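S.K.: Mind having a look at this structure? Questions to follow.
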Amino acid sequence: FHDSSVIPDGAEISSYLFRDTPKRYFFVVEEDNTPLAVTVTPCDAPLEWKLSVQELPEEASGEGSEPLEQQKHQITNEEGTELFSYKGNDVEYFVSASSPSGLYQLDLLSTEKDTHFKVYATTTPESDQPYPELPYDPRIDVTSLGRTTVTLAWKPSPTAFLLKQPIQYCIVINKEHNFKSLCAVEAKLSSDDAFMMAPKPGLDFSPFDFALFGFPSDNNSGKGFLKSSAKFGRQTSLKLRVDLHKVCIGNKNVFTVSDLKPDTQYYFDMFAVNTNTNMSTAYVGTFARTKEEAKQKTVELKDGKVTDVFIKRKGAKFLRFVPVSSHQKVTFSVHSCLDAVQIQVRRDGKLLLSQNVEGVRQFQFRGKAKAKYLIRLKGSKKGASMLKILATSRPNKQSFPSLPEDTRIKAFDKLRTCSMVTVAWLGTQERNKFCIYKREVDDNYNEEQKKREQNQCLGPDTRKKSEKVLCKYFHSQNIQKAVTTETIRGLQPGKSYLLDVYVIGHGGQSVKYQSKLVKMRKFC
């Protein structure tokens, strides 16, 4: 662990936080107009962090650790100018092409639990490039699906074939969710309950403690997590994490995962790792359900629980829902991730519904005592289908966020300039979180590409941080006034942008509004 409060220039450090105990780090920028990049990677808990700067005393010098320690103690209690702050579990960064000289402070806090994290700071970001770069299309494709195997393919990192850096790819397979960083994976590979045994600040640590934490030791700092210091720690890790696997496969771009269970949902993540720096970047993760056994299996839907469904091309899936006998209404909410799927609903053998579904749709039926519902989902002829479905007999149980009837994003042509555009979209009477993202696209980008390109069920956590504009909460008791506007600035003249709005419900499920393509004016 990095136990100094001074961050070295151009090296990634690993450290830890106790819950509700803030930590502060320092580094010096000696000259004005210096490029600066700071990256913070939370490992297994959300972090709150902020970056601020103070003026250097005239006699201050960053050469050697002693002068920096002296000037740090001189002005530790002063509040500097805040440059950036963030709260969450994403890998987030601050980048400036021209920063003033000064003493920079990085303050971190974990309010959820004891955790560890990584920090990287550099004044030469253009030449360093320690994190592998992602390709233009950073998604993982499922190219083949069997009962016990899944074949994955992905585009290579430009860091490998353009910069000739040594890159290896590591695949992570589990049944719970996608991961945002390799650091988060390694934290999960260790015992979930290890932090219950964490010593309080000020007490001595031993290598045995770190083995249970899943933290790197001094003699194993490049290996991710401790495997040899504590025999008990290793056995605990293996015993608790049999459903989470990490395998590094060199520089191949195709890999078949084997020994999977039939008809089981798996999540796949890919990380490009620079073997020189041991620093990594996450591709956009995906999920898939392995093929079921030859006999058609009917999936039981649990009341109020979202179920992920994967359907092969031209395939079909059968679901069954048996509500409580005293129900008055039954509601089916369907979110089709890719192409349209056909849904049929039968109650006790009688056909109630048969139609194609795109995007998010909700169907409601009057209740009937001791009724049983059979849902048949038929996949697209174009390719595999993925969807999320929620069945409930509870009137207030809504896992997907509520949507207005019109989910278009409106761009105001008269307010469109060379560098900014004002957009509006509708909300509902329910208070939800809305996040807006922008992405530059080619001039020949069309509606067919827009429709074909993106899995609608992938939320904002799969987007690049540089594409994020803002997030906000809003609603209106008067549905006629449930509309909000935002001005997006910093755009380039003559360029085309794809704008996306995500609404995130209380249960964490997100739904994307219809994408909006805007082209900036060339001359203003």
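The values are calculated or read from the model by the stated rules, or taken from the named source; none is laboratory data. Here the structure is a predicted model, which is why all the values come from computation and not from measurement. FYI the Cβ positions are ideal-geometry reconstructions off the backbone, even for glycines, and counts take in every protein chain you see. Calculation scope for accessible area: heavy atoms of the full protein, side chains included, ligands and nucleic acids excluded. Shrake-Rupley method; radii C 1.70, N 1.55, O 1.52, S 1.80 Å.
S.K.: Taking all protein chains as present, what is the carbon and sulfur share of the accessible area of the range 299-392, in % to the nearest whole number, probe 1.4 Å?
M.R.: Accessible surface attributable to carbon and sulfur in the range 299-392 totals 45 percent.
S.K.: While we're here: Label points 7 Å out from Cα along the Cβ direction at Thr111 and Thr34: separation in nm?
M.R.: 3.3 nm
S.K.: May I ask you to give the percent of accessible area on the range 409-519 that is carbon plus sulfur, with a probe radius of 1.4 Å?
M.R.: The computed percentage sits at 45.
S.K.: While we're looking at this one, here's another question. Leaving ligands, DNA and RNA out of it, work out the accessible area of Asp9 with a 1.4 Å probe and give it in Å² to the nearest 10.
M.R.: The accessible area comes out at roughly 90 Å².
S.K.: Another one. Counting Lys and Arg as +1 and Asp and Glu as -1, what is the net charge of the other residues whose Cβ lies under 10 Å from the Cβ of Ser336?
M.R.: Residues near Ser336 contribute 0 overall.
S.K.: While we're here: Rounded to the nearest 10 Å², what accessible area does Arg408 show when all protein chains are kept and the probe is 1.4 Å?
M.R.: 150 Å²
S.K.: What's the FRET efficiency of Val254 with Thr21 using the Cβ-Cβ distance as r and R₀ = 41 Å, to the nearest 0.05?
M.R.: 0.35
S.K.: Another question about this same structure. By average Cβ neighbour count within 10 Å, what is the ranking of 249-256, 151-158 from highest down?
M.R.: Ranking, from highest mean packing down: 151-158, 249-256.
S.K.: Let me ask another. Would you mind giving the average projected area, over all directions, of the Cα convex hull of the range 269-381 in nm² with one decimal?
M.R.: 9.8 nm²
S.K.: So what are the ³J(HN,Hα) numbers for the range 329-339, from phi and the Karplus equation (6.51, -1.76, 1.60; θ = phi - 60°), rounded to whole Hz, Gly and Pro as x?
M.R.: Once rounded to whole Hz, the list reads 9, 10, 10, 10, 10, 10, 10, 7, 7, 10, 6.
S.K.: What does the net charge come to around Pro42 if you take all other residues with beta carbon closer than 12 Å to its beta carbon, with K and R at +1 and D and E at -1?
M.R.: The answer is -1.
S.K.: Shifting gears a bit: Provide Tyr266, Tyr86 ordered by accessible surface of protein heavy atoms (probe 1.4 Å), highest first.
M.R.: Tyr86, Tyr266
S.K.: Further question: Given the Cα-Cα distance of Glu430 and Lys382 and 0.36 nm per residue of separation, how much length would full extension add, in nm?
M.R.: Extra length from Glu430 to Lys382 when fully extended: 13.7 nm.
S.K.: Sticking with the crude label model, points 7 Å out along Cα→Cβ, report the distance from His475 to Lys297 in nm, one decimal please.
M.R.: 3.8 nm
S.K.: Which of the peptides 176-185, 483-492 is most tightly packed, and how do the rest follow, judged by the mean count of other Cβ atoms within 10 Å per residue?
M.R.: The most tightly packed comes first, giving 176-185, 483-492.
S.K.: How much solvent-accessible surface does Arg24 expose, in Å² to the nearest 10, with a 1.4 Å probe and all protein chains in place?
M.R.: The value for Arg24 is about 60 Å².
S.K.: If each of Val6 and Lys468 carries a label point 7 Å out from its Cα toward its Cβ, how far apart are those two points in nm?
M.R.: 3.2 nm
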